[in-house]
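Single-structure report; data block below.
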Amino acid sequence: MKAFVQLGLALLSLCLLAACSGGNGSSSSTSSASVGVSSSSIASSFATSSVAASALLSGVITYDDVPHKTNNLGLDYNNIQRKPVRGLVIELLDASGNLISSQITNDDGEYEFNSSLNQQVQLRVKAQLLNNFGAWNVSVRDNTETNSLYAVQGSLAAIETVTEVRDLHISSGWNGVSYSDARSAAPFAILDSVYIGIQKLRMSGFSGTLPELHFFWSVKNTSAEGDITLGEIGTSYFSSEGIYLLGDADVDTDEYDSHVILHEWTHYLENTISRSDSIGGDHDSNQKLDMRLAFSEGLANAFSAIILDDAFYKDALGRSQSSGFYINMAEKSHSLRGWYSQASIGSILFNYHLSADNRTEKSFHDLLATFTRQDYKIHPGFSSIHLFSEKLQVEAPASFNTWSVLLAEQNIFSIGAYGEGETNAGGYSENLPIYKTLSLSNPNLTLCSSNRFGSFNRLSNYQFVKIPISRLGNYRIQVMNAMGSSNTDPDIYLYSSGKLIQSGLSSLPDLEVMQRLLTSDTYVLTLAEAKVLNDSVGGNITHCFNLTLSME
């Protein structure tokens with residue numbers, strides 16, 4: 001018969017990998033880079049290690065998952081659920097904390113190790129979602145402790161029978177009123193959301209490699225802005241370093257907010273397997289946004305809801321995480337609708353996912369395939385609902401009628417990459433056409449930059465210019481104040497296939513000049529008055545400029 005050992009909370013410790021100790025107190029030097037695993041995919045069954053031995057140690061690893069309340073406002077600690085720790089690295093250590101063997105837990109959180117009878121061993125589970133063929137490697141680390149990797153470690157005990165079971169359960173630390181113990185389950189809850197996301201990608205046809213990703217979470221991560229090593233991260237966000245998540249109890253915690261986690265993970269996907277031209281910054285559903293930001297945020301909201309098959313995007317916060325907000329991604333009747341509205345874009349994407357017009361209902365394939373198309377990723381125009389529409393029509397023509405109807409419901413009237421023929425100006429005529437064309441045959445434009453809808457990342461802050469170049473040569477782009485009054489500061493940015501290749505940010509008043517060798521291609525330029533990008537500058541500012549192109 002099997003001997004059964006249940007290792008509960010009292011026998012588990014949450015630690016940072018550099019501080020995890022063996023049974024004799026010595027520090028383990030194992031790093032995440034040195035892990036050898038025996039599972040070839042998330043969906044594979046477990047495989048036993050190759051260590052010759054006379055005992056079989058097996059078990060199930062679970063963690064506490066705290067769901068949201070049925071009204072979508074806050075976490076429901078009365079219904080904590082045990083869920084399997086899936087696709088994560090588990091290690092078998094000896095009495096000195098040295099690595100004996102490692103593998104990956106299967107879909108049910110199960111593991112098996114061959115070992116030796118009477119040998120003293122302990123288990124360590126890393127907060128690391130790993131594929132041994134390099135297809136993904138996601139970890140959760142503590143930005144307030146030198147970015148150390150989280151892990152949980154069971155007690156040291158001898159294997160007493162030839163078939164022994166050790167189950168480990170990782171607790172939330174909630175005592176019914178507050179967090180009184182270590183919030184050990186948090187890193188594992190974060191990774192399970194990503195596990196679901198990776199499964200969704202694989203089932204929808206993505207077979208590529210996802211670059212290594214670090215999540216940074218700490219109980220110290222709060223809404224204060226400042227030193228991230230102190231937890232002053234401001235909000236949950238994606239950056240080139242990884243994804244930072246809030247963890248400040250009774251203020252805002254995101255480890256159980258799967259929509260928030262997958263929203264930020266979608267930004268990671270944009271920047272790795274697709275494209276993102278978002279300029280970032282604060283935003284909400286009631287603001288007229290720069291089209292690049294609106295598309296990115298609407299996309300991230302929609303993708304998180306699609307991956308979870310849950311239309312209600314939820315974020316818990318406040319004392320005892322008992323309040324929060326939610327967004328119904330299936331809602332169509334938005335007060336603000338257009339190509340500059342993140343609510344409109346999220347609604348279009350999510351409701352297309354729900355449709356069954358010549359396609360499988362709730363299939364993610366069309367959207368994901370469009371998202372990763374090469375001609376979408378390298379198109380000269382910026383990522384926007386218009387560019388996405390043009391490429392979706394190529395990817396899924398049989399279902400495009402549904403998409404067109406959804407666009408029209410959100411007051412979006414163009415399916416061209418540059419928004420050709422769009423009639424929704426967003427309340428300011430200078431927003432149309434969305435891209436103005438500057439060329440040697442049309443070398444003069446007048447453009448206006450305004451903060452009438454807000455500053456930094458709002459509609460009308462930037463003007464977009466398409467510049468088709470037919471022959472190699474040295475070109476001069478010049479911007480001059482068109483209003484006669486002084487004290488303007490035009491800024492210009494030149495892009496090739498979405499990549500910034502040159503900026504014009506001089507301090508010269510009323511003038512900006514850019515000179516560059518350009519090859520035959522289509523370029524995009526953005527122009528903005530510097531003051532309309534500054535939140536601290538008050539007043540309603542609109543400055544107009546003359547933009548010219550010449551060949552030298």
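The values are calculated or read from the model by the stated rules, or taken from the named source; none is laboratory data. On a predicted model such as this, the values are computed, not experimentally measured, just so you know. Note that each Cβ is placed from the backbone with ideal geometry, even for glycine, and that neighbours are counted across all protein chains shown.
A few notes on this one:
- Residue in the stretch 234-253 that is assigned to a loop (DSSP other than H, G, I, E, B), over 15 Å from the mean Cα position of the chain (by Cα) and surrounded by 18 or more Cβ atoms within 10 Å (Cβ to Cβ) present: no
- In the stretch 432-459, the residue that is farthest from the chain's Cα centre (by Cα) out of those that are closer than 26 Å to I415 by Cβ and free of Cβ contacts under 8 Å to residues at least 40 places away in the same chain is N442.
- A356 hydrophobic (A, V, I, L, M, F, W, C), under 23 Å from G205 (Cα atoms) and over 17 Å from the mean Cα position of the chain (by Cα): yes
- When N401, N358, N351 are checked against the criterion of being in contact (Cβ under 8 Å) with a residue 24 or more places away in the chain and assigned to a loop (DSSP other than H, G, I, E, B), a single residue qualifies: N358.
- Of all residue pairs spaced 6 or more apart or on separate chains, those with beta-carbon atoms under 9 Å, a first member in the stretch 172-187 that is without any contact (Cβ under 8 Å) to a residue 12 or more places away in the chain and a second member that is part of a strand (DSSP E or B) and surrounded by 18 or more Cβ atoms within 10 Å (Cβ to Cβ) are S180/W174.
- Single condition E422 does not satisfy, out of (1) buried (at least 19 other Cβ atoms within 10 Å of the Cβ); (2) without any contact (Cβ under 8 Å) to a residue 60 or more places away in the chain; (3) charged (D, E, K, R): (2)
- Qualifying residues in the stretch 363-391 (those that are without any contact (Cβ under 8 Å) to a residue 40 or more places away in the chain and not in a loop (DSSP other than H, G, I, E, B)) - the one surrounded by the fewest Cβ atoms within 10 Å (Cβ to Cβ): Q374
- Condition check for E91: surrounded by fewer than 21 Cβ atoms within 10 Å (Cβ to Cβ), of a type in the set (D, E) and in a strand (DSSP E or B): no
- The criterion of being among the charged types (D, E, K, R), outside the structural domain of L293 (by TED's automatic domain parsing), modelled with pLDDT of 95 or more and assigned to a loop (DSSP other than H, G, I, E, B) holds for R471.
- Whenever a residue of the stretch 322-344 is under 23 Å from S384 (Cβ atoms), its partners that are among the charged types (D, E, K, R) and in a loop (DSSP other than H, G, I, E, B), lying with C-beta atoms within less than 6 angstrom and at least six residues away or across chains, give the pairs Y340/K288; S344/R337.
- Within the option set G205, G234, G197, G242, being under 25 Å from S320 (Cα atoms) and either of a type in the set (A, V, I, L, M) or at pLDDT 95 or above (or both) holds for one residue only, G234.
- Among the conditions (1) surrounded by fewer than 19 Cβ atoms within 10 Å (Cβ to Cβ); (2) free of Cβ contacts under 8 Å to residues at least 40 places away in the same chain; (3) part of a strand (DSSP E or B), Q515 misses just one, which is (2).
- The single condition among (1) more than 30 Å from Q120 (Cβ to Cβ); (2) of a type in the set (D, E, K, R); (3) out of contact with any His (no Cβ under 8 Å at 6 or more places or on another chain) that E241 does not satisfy is (3).
- No other residue among Y418, Y462 is within 22 Å of N546 (Cα to Cα) and in contact with an Asp or Glu (Cβ under 8 Å, 6 or more places away or on another chain) apart from Y462.
- Of residues in the stretch 172-221 being aromatic (F, W, Y) and assigned to a helix (DSSP H, G or I), the one farthest from P67 (Cα to Cα): Y195
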